[in-house]
1. Enumerate the calculated ³J(HN,Hα) couplings along the range A:224-233 in order (Karplus 6.51 cos²θ - 1.76 cosθ + 1.60, θ = phi - 60°), each rounded to whole Hz, writing x wherever the residue is Gly or Pro.
2. Please find the FRET efficiency linking B:GLU274 to A:ALA109, where r is the Cβ-Cβ separation and R0 is fixed at 22 Å, and quote it to the nearest 0.05.
3. Could you give, in nm with one decimal, how far A:SER9 is from each other copy of that position, shortest first, with labels 7 Å out from Cα toward Cβ?
4. Cut-off is 10 Å between beta-carbons; in what order do A:ILE36, B:ILE345, B:ILE85, B:ILE103 appear when sorted fewest neighbours first?
5. Taking R0 as 60 Å, what's the FRET efficiency between A:ASN209 and B:GLU281 from their Cβ-Cβ distance, rounded to 0.05?
6. For the range B:90-136, taking Cα atoms only, what is the radius of gyration to one decimal and the Dmax to the nearest whole Å?
7. Whose amide H sits under 5 Å from the amide H of A:CYS118, counting only residues 5 or more places off or on another chain, with H placed in the peptide plane?
8. Relative to the compact globular guide of 2.2 N^0.38 Å, what is the alpha carbon radius of gyration of the range B:223-345, as a ratio?
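A short reminder: the numbers here are calculations on the coordinates, not readings from a lab. Small disclaimer: the values here were computed from a predicted structure and weren't measured. For neighbour counting, all protein chains shown are included, and Cβ atoms are generated from backbone atoms with ideal geometry for every residue, glycine included.
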2 protein chains.
Amino acid sequence: MTSVSNPASLQAIAQTTRRAAQTLATLSSQQKNDAIEAIAQALGRHADAITEANAADCEAALADGIAKPLYGRLKLDNGKLAEAIAGVRHVGTLPDPVGQLQIHRELDAGLVLKRVSCPLGVVGVIFESRPDAVMQISSLAIKSGNGVILKGGREAVRSCRAIVTAIKDGLATTAVPPEAVELLTTREETLEMLTLEQEIDLIIPRGSNAFVRFVQDNTAIPVLGHAEGICHLYLDAAASPDQAIAIAVDAKVGYPSACNAIETLLIHQDIAPELLPRLAEALRGRGVELRGDAAAQRLVALSAATEQDWSTEYSDLVLAIRVVPSLEAAVGHINHYGSRHTEAIVTEDDDAAQAFLSRVNAAGVFRNCSTRFSDGFRYGFGAEVGISTQTMPPRGPVGLEGLVTYRYEVVGDGHIVASYSGAAAKVFTHRDLL
Amino acid sequence: MTSVSNPASLQAIAQTTRRAAQTLATLSSQQKNDAIEAIAQALGRHADAITEANAADCEAALADGIAKPLYGRLKLDNGKLAEAIAGVRHVGTLPDPVGQLQIHRELDAGLVLKRVSCPLGVVGVIFESRPDAVMQISSLAIKSGNGVILKGGREAVRSCRAIVTAIKDGLATTAVPPEAVELLTTREETLEMLTLEQEIDLIIPRGSNAFVRFVQDNTAIPVLGHAEGICHLYLDAAASPDQAIAIAVDAKVGYPSACNAIETLLIHQDIAPELLPRLAEALRGRGVELRGDAAAQRLVALSAATEQDWSTEYSDLVLAIRVVPSLEAAVGHINHYGSRHTEAIVTEDDDAAQAFLSRVNAAGVFRNCSTRFSDGFRYGFGAEVGISTQTMPPRGPVGLEGLVTYRYEVVGDGHIVASYSGAAAKVFTHRDLL
């Protein structure tokens, strides 16, 4: 909770968090779940202090002329707090991601290899105004055995402080050291945090595309997240028209600022003359502004889409439409302009679906359903730490498994490698025990 | 094989490789294994051309005054070529890492999620003089469904060209496009390659620590590898003296320049007076130069280890020795100075072993065996693309699985997310089908 402004003391805080995390890493599932329950109870006890701190944040933000959506995310009333506490308790019910035996193999008699999942160490999370994120992230960090250093938005500083005070109060009576959860409060600390390669194992930025990109470009620490979500829906020549319309509307209008909402609709030229007018009517009926290429403009009255449109994440009720001559052209467009997040095809043709699913380069490739299903809760992961558009795992919606890694344990009885070479070389058995 | 020197044309090459890789990604295991066999046969047919090209490289390198170990790695006679061809065929026998079903879950009736392993796309490999690496890496890339862009050392350029010519000749009659394997030949291309974030998904640098560090610091592309291997052996108070000596000798002298060889030996103060003199005698008998802290110097005549020694990878027959008062001190030393590669304890005490294995931060944590077992072949992975010391997976020795990622496929029948909210909200079933 100390606010610091020079790297040495931020590094000292991070080292304290790392030591606390080392203890946390060795605790049992029961001990971690008990700590999560203690946090939930402490948040309840501190409810008045938290909502009062939040009211002060909200008042100051209004005086500063905060934008309405930001104000909505900042505000934490008793109802939202109760929901957040329920969310903390839910994390307690999730399976423990630590200690899972992934490989168990005899290398030779008496020499055994295990690959076991283990915590990363310390996770740094930088988020926008939402103070409820502090509760969610802290419980996910503890469940996965990691220390966490949190940096919230300036406008939420009183709320975050009150919440972290409650969390530390809760942890005080448990096996989890309270130092496992730390809060930073200044922008300078964010920049310093990005330099702590030795102390922090993963950075999770939650904020605007520009902010995530800034973090990615300014740290050597691995970053979990995505800068952009430019998702496409391709309506194949063999699409069911009714499914096409229902899915397009769902993928665009339900929550247009979500990263898994579509920005561009691709439609096969054979089906466009019949389908596009109906589709345009349905989308416009839900308030969507349409832009299209020349071929689309010949079928429906809409403004021209420019090259810029194909690589824009509108995060709003705007949709770009392009008529394509073939599935290959659709795949080519997606692999060129897409952000590798989630891409969908609507088709009744199994071969077309297979070609699309195997050739599109994205974390999620969908058939005959909305791109909006690309989400940790909908996938059944219980909780989501973020969605990754990188190629290397963890990729796509990331549950608790994004907060763990693994280590190889080898236990022998005096075994040396010299025994496995030369004239009387022993031979590895490599016998799986799992 | 074209040598280029401006980014636009290197980018064009990489895009061609990416398109070839897109085709390769959809091939069956049989088609990939057939291509690997065709490569093995073509290498046999081109054996004379390859060894002649290598002889020319060797002659030029001798004229340039090449260092002896580098010359040994550069030289490719008929015996080494035959071994390399056998290695290519071995890759054909390994399990296909692509297409493995990792999650199979019904989200709701008719809406099914699969997580399936898939190739990364294009892998960039930068290696030193060893021309046999071209054959090994190309076969691993094809097996894992990836395109590969290779950049060998300048001194091996004729050999690498002859080998890649043979590989492309072999691929010409197979389902794998020959463009899936490309060779770069200039240093400028290495630098350009590091900027191709859109075209290359993973960089594997094989070379000196300084070179790997340079690559890590100069690319936004994920890097698989390790800069340093500072491994420790800790001899606990409850160590078996005979095991301690045998393991220390094995871990130091078998191959001192290996990354999994030890650089520092930590010994508990209770066992040091009895064990250290015997240990010093055994290590010196194998030509090891010893350096030690003040406590070690009181027990054995040896030169003083300085602060610098604790963070030096000697890659040579030199060993630093430190006497520690406790297991905690040993763990503290390792977590401070270690490179998170492989760390070992020798002890008969189960509690001490458990504390060490769970508290040391490294990809490999070993008990009563040599650190030299930290190796993909010894772990039974069949082939190794590298050893990673990063915290995030893939970590430790990496087999073919380091060359694949996964994607989420969701197949529905017109499913939309709007159905799962509101008054008559449907409920996800989240029923695992695996």
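1. Once rounded to whole Hz, the list reads 9, x, 9, 7, 10, x, 9, 9, 10, 10.
2. Values: r = 30 Å, r/R0 = 1.35.
The calculated FRET efficiency here is 0.15.
3. 5.8
4. On the way: A:ILE36 25, B:ILE345 29, B:ILE85 20, B:ILE103 16.
The most exposed by this proxy come first: B:ILE103, B:ILE85, A:ILE36, B:ILE345.
5. Numbers: r = 64 Å, r/R0 = 1.06.
For A:ASN209 and B:GLU281, the calculated efficiency is 0.40.
6. My reading of the Cα-based Rg and Dmax gives 17.6, 57 Å.
7. Hits under the 5 Å cutoff: A:GLY99, A:THR405, A:TYR406, A:ARG407.
8. Working: Rg = 13.1 Å, N = 123, 2.2 N^0.38 = 13.7 Å.
Taking the Cα Rg and dividing by 2.2 N^0.38 Å, one obtains 0.96.
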